[in-house]
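Worksheet: the structure to be examined is printed underneath.
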Amino acid sequence: MKKVSVFAGFVGFLLGSVGGADAAYPVYSGYQGAGAQGQVVYLPTTSGTVITSNGAVAANPTRVTGALPRVGSNATNAGRQYYQPTDYDRLADSGLYVGLSIGYSASVSGTMLADYMNEEDAGYVPGAFKEADFNTDTVLPLQVSVGAAINNDIRVDFSYLRYSGISYPSVVQSSDGVGGFVESDVDGGAITLNTTMLNLYYNIDSYTGYLAGGMLRPYVGVGVGISLNTISDYVIYDDTFYSERDPSAALAGQLTGVSDVYAYHNGGTTEQLAFMFEGGLTTDLDGGIKMDFFVRYANLGKIQNSGSIIVSQTEWLGDGAGQEYPAPYDSVFHYTNWYESGRLNMVDLGVRLRLQF
C-alpha cells in the first residue's frame, strides 16, 4: 500500500511538471503578456497579429532588430526570431586576399641631367646639359598584390607595380660649345618602371571612426622594394651650324664648321631602391570584395642610360678659295661612360579591388 502511494505521488509530480512546462515557455522578456492573458508567443500569421498561448489576440510586441537581416527559419525554430549581433563588422579585414588596382599619375616629377658637363670637349656631345623635365602622356600605373590580414587592423601584401607612358624629354637644351645652349629635338627614350614591394597597411578607424555613416574605413600604408627602371635608345638631333673658323682664312681641307649632329644614346636598365606612402578609404562590396580608394606617393629611384653615345656629324672643309664644302666622309665618334640620368617621383590617385578568401 505504501508503494502504491509513492508511485501515485511520483505520477502526480510528473503531471504537474508537464502542466507547468507550458507556463514556463522560454520566450524573450519583451514578448511577455500581462494578467490572465498569459504569456505571449510570437507566431507567424498572415495578418501580422500576435497570438497568446491561450488563443487571445494581443498587441504587437516590440520587435528585436539587428544590423543585419535575421537568420533562422520560423518553420524550423518554432516561430522564434534570431538576429546577427548588432556589432558585426562588415569592413573587417580577415584572411588571404588578392588585389588589382589601376591608378592615374596626377603628378610626375623628375629631371634628366647630363653627368658629363665638365668633360673635355663636352660641347661636342649633344645632351641635356640643362635640367629637362620628363615627357609624360597619360600614365596609368597597374598593380597586382597578394596578401593577408594579420588581424583586424593590420594587413601585409607583396605587390608588383608597373608604370609606362613616360619618356625622355622631347626637347632638350644642348651645349653650343661656347657657353650657351640651343634647342635640340629628341626621338625615342620610352621609360618603363617595374617595381616589386613589400607593403604594410594599418586601419586607423580606432582613431578616426568609420566615415560616411559606417560605409568607409580609413587606412594608411607604407612599402619598400626594388624598381627596375628602363629607358630605351634615343636620338638627339641638333641642326645648328657650328662655325670653327672663317672659310676665307682656312686652308684647303681644313675644318671650318660642323652641322647636323646626331647623338645616338644607348638606353639602359638600373636597379633602384623604391618606396611608397599610401592613404585611403575602404568600402565593402558583395561577394567578399573590398574596394580601396587611395592616394599614393612613390619614389622609384633613378633612370639612367648605359653611358654609350655615338655621335654622327657633318664636317665642313675649306676649299682654299674662301669657300667651304661638306666633307665626303662620315664623321663618327663613340663616347663611353658619359651618362644621363634623372629621378622619378609619382603621386597617384587610384582604386583597388581586393577579393578576400
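The values are calculated or read from the model by the stated rules, or taken from the named source; none is laboratory data. Just so you know, these numbers come straight off a predicted model, no measurement behind them. Cβ atoms come from the backbone with ideal geometry, glycine included; neighbour counts cover every protein chain shown. Only protein heavy atoms, including side chains, enter the accessible area calculation; ligands, DNA and RNA are left aside. Shrake-Rupley method; radii C 1.70, N 1.55, O 1.52, S 1.80 Å.
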| For a label point 7 angstrom out from the Cα of SER312 toward its Cβ, which stretches of region 223-242 have the backbone nitrogen within less than 15 Å? | 234-239
| Between region 94-139 and region 228-262, what's the alpha-carbon centroid distance in Å? | 27 Å
| Virtual paramagnetic centre 7 Å along Cα→Cβ of ILE150, amide N under 12 Å, in region 181-212 | 199-203
| remark: The summed charge of the VAL258 Cβ neighbourhood (under 9 Å; Lys/Arg +1, Asp/Glu -1) stands at -3
| query | Using the heavy atoms of the protein chains alone and a 1.4 angstrom probe, what is the accessible area of region 277-356 per residue in square angstrom? | reply | 45 Å²
| In region 90-121, which residues have a backbone nitrogen under 14 Å from the label point lying 7 Å from PHE357's Cα in the Cα-to-Cβ direction? | 94-99
| said: Using the crude model of +1 on Lys and Arg Cβ and -1 on Asp and Glu Cβ, and no other charge, please compute the dipole size for region 229-273 relative to its Cα centre, in debye to 20. | reply: 120 debye
| message | Counting only protein heavy atoms and a 1.4 Å probe, tell me what percentage of region 149-243's accessible area is made up of carbon and sulfur. | response | 61 percent
| said: So if I place +1 on the C-beta of Lys and Arg and -1 on the C-beta of Asp and Glu, and nothing else carries charge, what would the dipole magnitude of region 139-216 be about its Cα centre? I want it in debye, nearest 20. | reply: 380 debye
| query | What are the principal axis extents of the Cα atoms in region 129-277, in Å, biggest first? | reply | 85, 28, 22
| Percentage of Cα-Cα pair distances in region 281-348 greater than 14 Å, rounded to whole percent? | 77 percent
| query | Modelled label-to-label distance, ASN118 and ASP187, 7 Å Cα→beta-carbon offset: nm? | reply | 3.5 nm
| said: For a Förster distance of 51 Å, can you work out the FRET efficiency between the beta-carbons of LEU251 and VAL220, rounded to the nearest 0.05? | reply: 0.10
| Extended-chain gain in nm, criterion 0.36 nm per residue less alpha-carbon gap, LYS130 and THR230 | 33.8 nm
| Estimated FRET transfer efficiency (ALA92, VAL347; beta-carbon r; R0 30 Å; 0.05) | 0.50
